[in-house]
Amino acid sequence: MGSNNAEDHVFGTRVLPVTTTDLGHFENQDTLEKWILPTAGLESLEEAASHLKHTSIPVGFPTETVYGLGADATRSDAVTGIYKAKGRPSDNPLIIHVCDLTMLGSLLSSPSPGHSSAVDPVPEIYKPLIKAFWPGPLTILLPNPEPSKLAPEVTAGLSSFGLRMPSSPLALSLIQLAGVPLAAPSANASTKPSPTTAQHVLHDLDGTIEIILDGGPCQVGVESTVVDGLCDPPVVLRPGGVSIDRIRECKGWGDVVKGYKDASEVGNQAPRAPGMKYKHYSPKAKVVLFEASPQSPSILGIPTEAWKIMSALAKKTDHMGYESMEKTPLIGIVSTRHWPVTGGFEGVKWGWDNEEGVTKIIRRRPLDASSNLQMKRGEFWRGVSFPESGELPSDTDVHIADIVTVSLGNETKDIAHGLFSALRELDQRGVDVIYVEGIEDEGDIAAAVMNRLRKAASIIERVHT
């Protein structure tokens, strides 16, 4: 049975399936003024909305970007429930989600005497972005009215707050049924990879929340882009589902600049927007990111890494803790555009103590993955030579490590869609180190992919010719 208080409780978390065929529509798609609910099929959403209205325990739900952890943005106890469930520092602000422009106008309208409700409270600078990208993966920074209808915990002490209108009909109908804007960061344990399926949410938050709405996998796979149009020039504070190039095409945004490498990411300043300050999106395993330019594919760094691993396991050098591992290491490889599936670990020449030879990946077999990823597991060996069959020629050859490979493909949208799932799958399989092939972070949502990977990485290797 539900509780009104999340304090020190362990809940029986339920995953409620939602049919996503007809979940509502805008009365007028051009104006986005009013979201209209369907007449049937809302049982799971109505239960979740009632939970949001009457308890302080957040609800997991899907958006087009990632799964969110939603709570009533106007109640302090509800917003505090988000921080508690995620284990997230309370100085990290939260993004507000609305179902239509009517809800946004109500949130921004000041209740003070003499205020005219006929005045549009949305700053003019954002009108072109709203027309071009809403509903969708774009968050805008807005001034927080005085007095504010938002719980103070939402803004983490800032004078502005981030807000967006998701394109997921499920999310829009949940917000409409709840009757309030929802504060909703990603529905993962703080610092862990963002969830793109209901099972990801359950893995992280089982026992800390009561309800997860399962609307299937998310379509975008990375969070929303966050922009600040209240300053001059306007700034992209976090890269995401809308590229800076597309934003620059909008009136008033031609001179927008990147602001997601400012001091608040690495210093003690309060973050200007969600996702800027802490080491987000990170699995338990060490992550080694290989960056490269188009003229210098990152495959060049891998043979050296393979040699370092072999040398450390042979107790000849120290490298990333391999020298002290008592069991056979389990290595994860995430390949994108240039790497072969095995990441270049195969065919590496080695030699010491009057011995020399090559490496080979053998006994590769497909693995079942919960997120439709192309995954295989194999064995990484070094030896003098290997026959084409892949069988080991002698007892003198050495089993270096087991390897789990994930191929995300060449397309940026596929890489973005599969990135968090790949990190989660590898983490859940207990890998010790994950090697990731980066992509050029120009155009489309590639900047968002690389931003998340840099936050996840323990080590970043930049390859140069």
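The values are calculated or read from the model by the stated rules, or taken from the named source; none is laboratory data. Predicted, not measured: the structure shown is a model, and the values here were computed from it. We place every Cβ from the backbone using ideal geometry, glycine too, and count neighbours over all the protein chains shown. Each accessible area value is taken on the protein alone, full model and side chains, heavy atoms only, with ligands, DNA and RNA left out. Shrake-Rupley method; radii C 1.70, N 1.55, O 1.52, S 1.80 Å.
A few points about this structure:
- Looking only at region 211-226, and only at residues there that are assigned to a loop (DSSP other than H, G, I, E, B) and over 14 Å from P17 (Cα atoms), the one that is most open to solvent (accessible area, probe 1.4 Å): Q219
- Selection status of A85, modelled with pLDDT of 95 or more, assigned to a helix (DSSP H, G or I) and crowded, with 18+ Cβ neighbours inside 10 Å: no
- Hits in region 23-47 - residues which are in contact (Cβ under 8 Å) with a residue 40 or more places away in the chain, open to solvent by less than 50 Å² (accessible area, probe 1.4 Å) and out of contact with any Phe, Trp or Tyr (no Cβ under 7 Å at 6 or more places or on another chain): L23, P38, L42, S44, L45
- For G252, the test of being modelled with pLDDT of 70 or more and at positive phi is passed.
- Residues in region 309-332 that are closer than 21 Å to A457 by Cα, among the aliphatic types (A, V, I, L, M) and assigned to a loop (DSSP other than H, G, I, E, B): 2 in all.
- Within region 313-344, the set of residues being within 16 Å of E379 (Cβ to Cβ) and among the basic types (K, R) comprises K327 only.
- Selection count where residues are open to solvent by less than 20 Å² (accessible area, probe 1.4 Å) and either among the acidic types (D, E) or not in a loop (DSSP other than H, G, I, E, B) (or both), scope region 333-355: 4
- Selection count, region 273-294, where residues are open to solvent by 20 Å² or more (accessible area, probe 1.4 Å), at pLDDT 55 or above and in a loop (DSSP other than H, G, I, E, B): 3
- Search result, residues across region 132-178 that are open to solvent by 50 Å² or more (accessible area, probe 1.4 Å) and either in contact with a Ser or Thr (Cβ under 8 Å, 6 or more places away or on another chain) or without any contact (Cβ under 8 Å) to a residue 24 or more places away in the chain (or both): P143, E146, P147, K149, P152, E153, S159, P169
- Filter result (at pLDDT below 95 and touching a strand residue (DSSP E or B) at 6+ places or on another chain (Cβ under 6 Å)) within region 46-81: V66
- Among (1) more than 19 Å from the chain's Cα centre (by Cα); (2) modelled with pLDDT under 90 - the single one G321 does not satisfy: (2)
- Here I125 clears all of (1) at pLDDT 95 or above; (2) in a loop (DSSP other than H, G, I, E, B); (3) among the aliphatic types (A, V, I, L, M); (4) open to solvent by 20 Å² or more (accessible area, probe 1.4 Å) except the condition numbered (2).
- Taking the criterion of being within 17 Å of A446 (Cβ to Cβ) and either of a type in the set (A, V, I, L, M) or in a helix (DSSP H, G or I) (or both), the residues of region 227-249 that qualify are V236, V242, I244, D245, R246, I247, R248.
- Among the residues of this structure, S311 does not count as one that is open to solvent by less than 20 Å² (accessible area, probe 1.4 Å), at pLDDT below 60 and among the polar types (S, T, N, Q).
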